[in-house]
1. Restricting to DSSP loop positions (anything but H, G, I, E, B) with no more than 16 other Cβ atoms inside 10 Å of their own Cβ, which trypsin sites (Lys or Arg not before Pro) remain in segment 72-101?
2. Take the Cα of Arg153, step 7 Å along the line toward its Cβ, and report every residue of segment 34-63 whose backbone nitrogen sits under 16 Å from that point.
3. Name the chymotrypsin sites (Phe, Trp or Tyr not before Pro) in segment 94-138 that are in a loop by DSSP and that have at most 16 other C-beta atoms within 10 Å, would you?
4. Once phi is turned into ³J(HN,Hα) by the Karplus curve 6.51 cos²θ - 1.76 cosθ + 1.60 with θ = phi - 60°, what whole-Hz value does each residue of segment 75-88 show in order, with x for glycine and proline?
5. Return the label of the correct value of Rg and Dmax of the Cα atoms in Å, as calculated from the structure shown, out of (i) 14.7, 45; (ii) 16.3, 51; (iii) 15.1, 42.
6. Multiply the residue separation of Gln46 and Met1 by 0.36 nm, subtract the distance between their alpha-carbon atoms, and state the gained length in nm to one decimal.
7. Leaving out ligands and nucleic acids, and using a 1.4 Å probe, what accessible area per residue does the chain come to in Å²?
8. For segment 48-64, what does the Karplus curve 6.51 cos²θ - 1.76 cosθ + 1.60, with θ = phi - 60°, yield as ³J(HN,Hα) per residue in whole Hz, taken in order and with x for Gly and Pro?
Amino acid sequence: MTPRDLVLTPTGVRFYGRNFACSIGRGGIKRRKREGDGATPVGEHQIVGMLYRPDRMARPTDWALPIHPGDLWSDDVRDPDYNLMVRAPHPFGHERLRRADPLYDLVVITDWNWPYAEKGAGSAIFIHQWRKPHHPTEGCVAFSRSDLRWIARHITYGTRLIVRG
């Protein structure tokens, strides 16, 4: 581990010598993540991308990509594009990336079960804004808006999110 890793601890996430309050999955932390279990998966997850809403915020880093209307993330195990970004219209189950609420205004993508997904092993494990302090996610790690923006400015490709079981 390095100071540039996001390390989930019992008191939050440690990063660059700071500790950030966070939310994790409603299913707790699991070694055997399954689609729909609400768990945050154990592992060393590399940061592989960043998405943002250009209509709601300035570009947080030079490598962040805008979320456009119609951008989706497949979470349907029947989909050949399971756990990949897809476009509407899409005939399989998915999450909308351009949401009415602010949870996905800034999304950091991890390599959990990506890009070559094992069907049913879980999808869309992101870092994003929380709904409210310590309110559980569907398996992601979530932060306050201000902390997420600070973290986004300091991560790079290859930064790891380390989750121990």
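1. Filter output for segment 72-101: Arg78, Arg99.
2. 57-63
3. Here the chymotrypsin sites (Phe, Trp or Tyr not before Pro) that fit, given the DSSP loop and packing criteria, are Tyr116.
4. 10, 9, 5, 7, 7, x, 9, 3, 6, 10, 6, 9, 10, 7
5. Among (i) 14.7, 45; (ii) 16.3, 51; (iii) 15.1, 42, the one calculated here is (i).
6. Gain in length upon complete extension: 15.0 nm.
7. Accessible area per residue, the chain: 49 Å².
8. For segment 48-64, the Karplus-derived couplings read 10, x, 8, 10, 8, 8, x, 7, 10, 7, 6, 4, x, 8, 6, 9, 6 Hz, x marking Gly and Pro.
The values are calculated or read from the model by the stated rules, or taken from the named source; none is laboratory data. No experiment lies behind these values; they were computed from the predicted model shown. Cβ coordinates were reconstructed from backbone atoms using ideal geometry, including for glycine residues, and neighbour counts include every protein chain displayed. Side chains included, ligands, DNA and RNA excluded: accessible areas come from the protein's heavy atoms. Shrake-Rupley method; radii C 1.70, N 1.55, O 1.52, S 1.80 Å.
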